[in-house]
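To start, the structure under review is shown below, and the notes come after it.
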Amino acid sequence: MKTKLSFFLLLIFSAFSAVLQSQVQPDKKLHIIIIGAHPDDPDEIGGTAYKWAKAGHDVLMVSLTNGDAGHQSIKAKKLAKIRREEARKAGEVIGIRYITLNNHDGQLMPTYKNRLQVIKLIREQKADIVIFPRPYDYHPDHRYTGVLVLDAAYMVTVPTILPKVPFLAKNPLFLFNSDGFIHPEPFKADVCIDIDDVIEKKIDMYHQHKSQMYEWLPFNQGILDKVPASDSDRRKWLG
């Protein structure tokens, strides 16, 4: 058992060591997918994603919902359009693709249909690494995002499941985002990547999510009156 665990950790560290390379060799290029529940959730991995992209790896960020419920005044249809564009711009900041699906915010469920969506995404990305949240969150969309990816984790290798999309011959490395939840068990990091040198890029990503960072979240937290008026001051406030 100890040998297997050591080998597994070696695989993890080997995969993440590419983050530190100045430029990846073509035959060592990784395909990575970072999956979150809402536009701005995948940005939690923004610093590492930027390092991967800068080294030449293929990184895709995905929001399983369109974020159309997360605002105090903007109607759902308009909000979904805004948040999709904000996510796209956040991806541009670090030179990656960032897409949002059309599932409604606050309504994501671990259905077979949604599982197939996740399987399709992982297969089409030809993923070597999949990063996603643990299924222990207070928010149902976050929790069920974790469940959906876990439910898809083995099925991406099964040819008879979603046969129209080529199955993966090798199962990706599935890794959890860090979180602060302690039940049923606290998060324990197997891998940590220093992003101090690229933290401004991560902040710039969050800065693109204006409807979320400067409107909805401050409103929801009761601090909307604390948000600076100017765009430059907002950026500093966020950082």
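Numbers for the structure displayed
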| read-out | value |
| --- | --- |
| Pairs with Cβ under 7 Å, 6+ apart, first in the range 182-209 and touching a residue at least 12 places away in the same chain (Cβ under 8 Å), second exposed (fewer than 14 other Cβ atoms within 10 Å of the Cβ) and assigned to a helix (DSSP H, G or I) | ASP190/LEU9; VAL191/PHE13 |
| Residues (over 15 Å from TRP237 (Cα atoms) and of a type in the set (Val, Ile, Thr)) located in the range 191-221 | VAL191, ILE193, ILE195, VAL198 |
| Odd one out for ARG235 among (1) modelled with pLDDT of 95 or more; (2) surrounded by 14 or more Cβ atoms within 10 Å (Cβ to Cβ) | (1) |
| Selected residue [small (Gly, Ala, Ser) and either more than 25 Å from GLY91 (Cα to Cα) or in contact (Cβ under 8 Å) with a residue 40 or more places away in the chain (or both)] from ALA152, ALA169 | ALA169 |
| Matching residues, the range 210-239, being more than 20 Å from ILE82 (Cα to Cα), outside any loop (DSSP other than H, G, I, E, B) and of a type in the set (A, V, I, L, M) | none |
| All positions within the range 120-178 that are of a type in the set (D, E, K, R), farther than 24 Å from LYS29 by Cα and touching a strand residue (DSSP E or B) at 6+ places or on another chain (Cβ under 7 Å) | ARG134, ASP141 |
| Set LEU108, LEU148: member being at negative phi, part of a loop (DSSP other than H, G, I, E, B) and crowded, with 20+ Cβ neighbours inside 10 Å | LEU108 |
| Sole exception among (1) surrounded by 14 or more Cβ atoms within 10 Å (Cβ to Cβ); (2) farther than 25 Å from ALA69 by Cα; (3) in contact with a helix residue (DSSP H, G or I) (Cβ under 7 Å, 6 or more places away or on another chain); (4) not hydrophobic (A, V, I, L, M, F, W, C) for PRO166, by number | (1) |
| Residue ID - surrounded by the fewest Cβ atoms within 10 Å (Cβ to Cβ), chosen from residues in the range 30-44 that are under 17 Å from HIS142 (Cβ atoms) and in contact with a Lys or Arg (Cβ under 9 Å, 6 or more places away or on another chain) | GLU44 |
| Residues that are outside any loop (DSSP other than H, G, I, E, B) and either aliphatic (A, V, I, L, M) or surrounded by fewer than 19 Cβ atoms within 10 Å (Cβ to Cβ) (or both), drawn from the range 118-142 | VAL118, ILE119, LYS120, LEU121, ILE122, GLU124, ILE129, VAL130, ILE131, PRO140 |
| Pairs, first among the basic types (Lys, Arg) in the range 132-149, second in a helix (DSSP H, G or I), C-beta under 7 Å, six or more apart | ARG134/GLY146 |
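Results for (1) over 30 Å from ALA229 (Cβ atoms); (2) under 17 Å from the mean Cα position of the chain (by Cα); (3) among the aliphatic types (A, V, I, L, M), shown as yes or no for each residue.
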{"site": "ALA153", "(1), (2), (3)": "yes, yes, yes"}
{"site": "ILE161", "(1), (2), (3)": "yes, no, yes"}
{"site": "LYS164", "(1), (2), (3)": "yes, no, no"}
{"site": "LEU173", "(1), (2), (3)": "yes, yes, yes"}
{"site": "SER178", "(1), (2), (3)": "yes, yes, no"}
{"site": "GLU185", "(1), (2), (3)": "yes, no, no"}
{"site": "GLU200", "(1), (2), (3)": "no, no, no"}
{"site": "ASP204", "(1), (2), (3)": "no, yes, no"}
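The values are calculated or read from the model by the stated rules, or taken from the named source; none is laboratory data. Just so it is clear, the structure is predicted and the values come from calculations on it, not from any experiment. All Cβ positions, even for glycine, are placed from backbone atoms using ideal geometry, and neighbour counts span all protein chains on display.
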